[in-house]
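Step one of this worksheet: look at the structure below.
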Amino acid sequence: MNREKELLDILTKNSDLMMILDEISELKLSNWYVAAGSVFQSVWNYLDKNDLMTNVHDIDLVYFDDQISFIDSVSNDKQLEKSLSEKFPYRFDVHNEAYMHLWQNSKKIPYENTENAIERWIATVHAIGISGNSDQFTIFAPYGIEDIFTKTIRPIYHKDNNQELYENKVAKWQERFSDLNIIKWTELKVNK
């Protein structure tokens, strides 16, 4: 079985994630994905023979809509987090990627779209999203999915990323998951 088919099969078996995907698809958000941990950690849990949502701390929902203001976006994101958390037994982390360069006084270059945001996240396993519904969804994985299946944590070198951010994220994953293959951050000149 090829890796993409295997990933689709695993994610389809994650009934909680599929119900969440169906609910979010009804919101008609612009350029959206359920992304990061709930997606790749479903695979890790499958490989470890755990319930597919074991140790998933939150559900990341990212979208891109520059047609609403930053202030309205922050308010809408908080309302959406609350609403989804009331429907499902998970904490939701919702962000309009159109304004993430303004979040917490960040100095990041603005994202062009949600895919551009995902490409610039901290690790290759982290850079994955699914969009659609339980009957048909697409996967966006700009660095492929092999690292997810081999539980390899590999840094994404980008000027918005740094060793401290990467090592903090790695430490959090190591607390919850075993047998991770950690690629150490090496100081390279990052021009992206």
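The values are calculated or read from the model by the stated rules, or taken from the named source; none is laboratory data. Being a predicted model, the structure only gives us computed values, none of them experimental. Note that each Cβ is placed from the backbone with ideal geometry, even for glycine, and that neighbours are counted across all protein chains shown. Surface areas here come from the heavy atoms of the whole protein model, side chains and all, with no ligands, DNA or RNA. Shrake-Rupley method; radii C 1.70, N 1.55, O 1.52, S 1.80 Å.
Relative to the current alpha-carbon distance between R91 and N55, full extension at 0.36 nm per residue lengthens the span by 11.7 nm. Taking D66, D16 and ordering them by how much accessible surface each has at a 1.4 Å probe, largest first, produces D66, D16.
Determine the shape class of the chain: with a ≥ b ≥ c the square roots of the Cα gyration tensor eigenvalues, call it rounded for a/c under 1.5, and otherwise prolate if a/b is greater than b/c, oblate otherwise. Verdict is oblate for the chain.
Near A171, within a Cβ-to-Cβ distance under 15 Å, what is the net charge of the other residues, with Lys and Arg +1 and Asp and Glu -1? Neighbour charge sum, excluding A171 itself: +1. Taking 7 Å steps out from each Cα toward its Cβ at I68 and Q163 produces label points 4.0 nm apart.
Of all DSSP beta bridges located in the chain, what percent are antiparallel, nearest 5? Bridges in the chain that DSSP calls antiparallel: roughly 55 percent.
Solvent-accessible area of S30, all protein chains in place: 50 Å² (probe radius 1.4 Å, heavy atoms, ligands and nucleic acids excluded). Scanning the chain for GluC sites (Glu not before Pro) lying in DSSP loops with no more than 16 further Cβ atoms inside 10 Å, the longest uninterrupted stretch between such sites is 27-111.
Helical runs assigned H by DSSP (4 residues or longer) give the chain a calculated mean residue ellipticity at 222 nm of -11500 deg cm²/dmol, each run adding -39500 (n - 2.57) before division by the residue total.
Other residues with beta-carbon under 11 Å from the beta-carbon of I118 carry, at +1 per Lys or Arg and -1 per Asp or Glu, a net charge of -3. Bridging of K172 to lysines at a Cα separation below 16 Å is possible for K151, K184, once same-chain residues fewer than 8 apart are set aside. Available extension along the chain between K108 and T138 is 8.1 nm, counting 0.36 nm per residue and deducting the alpha carbon span. Overall shape: oblate for region 91-192, with the ratio a/c of the largest to smallest alpha carbon gyration tensor axis at 1.5 or above and b/c at least equal to a/b.
Please work out the C-alpha center-to-center distance from region 4-43 to region 81-144 and express it in whole Å. Each part's Cα centre sits 12 Å from the other's. The share of accessible area on the chain that comes from carbon and sulfur is 48 percent, using a 1.4 angstrom probe. Accessible surface of H57, taken over heavy atoms with a 1.4 Å probe and every protein chain present, rounds to 110 Å². Model label sites at S30 and K82, defined 7 Å from Cα along the beta-carbon direction, differ in position by 2.4 nm.
Within the assembled protein chains, the solvent-accessible surface assigned to I109 is about 80 Å², based on a 1.4 Å probe.
Once the C-beta distance of Q174 and S15 is scaled by a Förster radius of 25 Å, the resulting FRET efficiency is 0.35 to the nearest 0.05.
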